[in-house]
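K.L.:
Please see the structure below; I have some questions.
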């Protein structure tokens, strides 16, 4: 018979015991660490790189002004904006150019020319941008003062300075302008999504500050981008999986292991990635902590024994015995639906010799803690029925002197000899001439049918057809005293006593 085990109170943590795969998994690097250069780049901007239209002109910018009319020849002037921010066009006039965009400057040039000429034509070209000084501070890889072209944007300098140091943050890079926060940049947005929120054009004396990194977690296994990730406050498992780009096709959807330190020891939780990605409010979508390690298992990886549940439940499918070590724990994980037949569920199990057996479960008593829980083994399956289910598995049981006493699924036209065969045959000390079939005839009554196992063959009277819930008892010879008209049964049996030989 199956051994009972203590009740399991859900998927609480157990001491961590990393699998062989986890131990052999290559060491992962911080996300984005290989993107940045190993030395400062000098912030070289390609000569033909376009200057954005949003660029604001300033002291030191060099421009070319060309103008002409139908009556006068073309004139060309190359002019640098002076230290007062003035663009002085000889013979035309001065324009306060500092802070203007090129479009705004063109408007000012047109106004001056129109005041002096009839139907003027002109062009304004930015020949050379000024140099500005910016500072990179904090936990940067190469902090310091840098002279950069004025059209450089925030990301140009972040990249040129080598990004954050190992202890620096990638998610909270701060741009300070005149002692105020002008922008906070998340480099992950650019690396993972291509979102270029870092194209803010820098100004002279800007400060780029790298704070120390926030909480970090490690994600390994069957995800698109395994790495060490910096997480934001209140990040969940779902948030972390999104950072990685999601699961690979080879990922096991229901085996996501979370290792963390609790109470001074390493513990492990097994979560369902599929449930988390489907429903962000799922109980498995827990908050992450600094130092957590997530490992997504491979489908073919038999790290833990598998059990399954089907029928009238919300979450049918496969589970790990680490997550659901007993029948009650498995049922609680899968969550039975309303309209469930609570008098009985079935546990099907494959014996070592390949024989399938079925164990009936008093469902309502089990869930109430009134019936012993059953420890699950690899490949066990639990079946939950509906109230109106018409296909509840018919069962028959064999006990006593057989090799594998157990409950079996009753097949069509199953007879006593078939049940003995399913149990592996009788033991050598089994009584060959007497056995009993207990057949239910009412809620509290049975009919007792005597057979001779040695003569049970074919369709003879010693080999009757079995009915649902029949119980066949094979006795040992030492337990039976056979007489022509009476049989006395003694020993370790449920109903010892004297029986008529006919029945």
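K.L.:
I want the antiparallel fraction of DSSP beta bridges within the chain, as a percent rounded to 5. Please list the in-between numbers first.
P.N.:
Working: 97 of 114 bridges.
Given both bridge residues lie in the chain, the antiparallel proportion sits at roughly 85 percent.
K.L.:
If you don't mind, another one. Express in nm, to one decimal, how much length is gained between residue 266 and residue 389 on full extension, taking 0.36 nm for each residue of separation and deducting their alpha carbon distance.
P.N.:
Extra length available between residue 266 and residue 389 comes to 39.8 nm.
K.L.:
Counting only helical runs of four or more DSSP H residues, what would the 222 nm mean residue ellipticity of the chain come to if each run contributes -39,500 (n - 2.57) and the total is spread over all its residues?
P.N.:
Computed mean residue ellipticity for the chain: -3500 deg cm²/dmol.
K.L.:
If I take every Cα pair under 8 Å that is 6 or more residues apart in the chain, average their sequence separation and divide by the length, what percent do I get for the relative contact order?
P.N.:
11
K.L.:
May I ask you to order 58-65, 33-40, 172-179 by the average number of other C-beta atoms within 10 Å around their residues, highest value first?
P.N.:
58-65, 172-179, 33-40
K.L.:
Ranked highest first by average number of other Cβ atoms within 10 Å, how do 270-280, 242-252 line up?
P.N.:
270-280, 242-252
K.L.:
If you work out P(r) over Cα pairs in 20 Å bins from 0, in percent from the coordinates, which of (1) 24, 56, 19, 2, 0; (2) 19, 41, 28, 10, 2, 0; (3) 17, 29, 21, 15, 11, 5, 1, 0 do you get?
P.N.:
(3)
K.L.:
Mark the label point 7 Å from the Cα of residue 233 along Cα→Cβ and return the residues of segment 192-222 whose backbone N is within less than 17 Å of it.
P.N.:
From segment 192-222, the list is 211-216.
K.L.:
Let me have the relative contact order for segment 131-210, percent, based on Cα pairs under 8 Å that are six or more residues apart. Working shown, then result.
P.N.:
Numbers: 164 pairs, mean separation 33.2, N = 80.
Rounded, it is 42 percent for segment 131-210.
K.L.:
Okay, moving on. Defining a contact as two alpha carbons under 8 Å apart and six or more residues distant in sequence, what relative contact order in percent does segment 326-430 show?
P.N.:
On the way: 156 pairs, mean separation 27.4, N = 105.
Computed value for segment 326-430: 26 percent relative contact order.
K.L.:
Tilt of helix 102-116 relative to the longest C-alpha principal axis of the chain, in degrees (0 to 90, nearest 10)?
P.N.:
20
Any read-out appearing in this document is the output of simple, stated calculations on the displayed coordinates, not a laboratory observation. For clarity, every value in this text was computed on a predicted model and none was experimentally measured. No Cβ is skipped: glycine too gets one built from the backbone with ideal geometry, and neighbour counts run over all protein chains shown.
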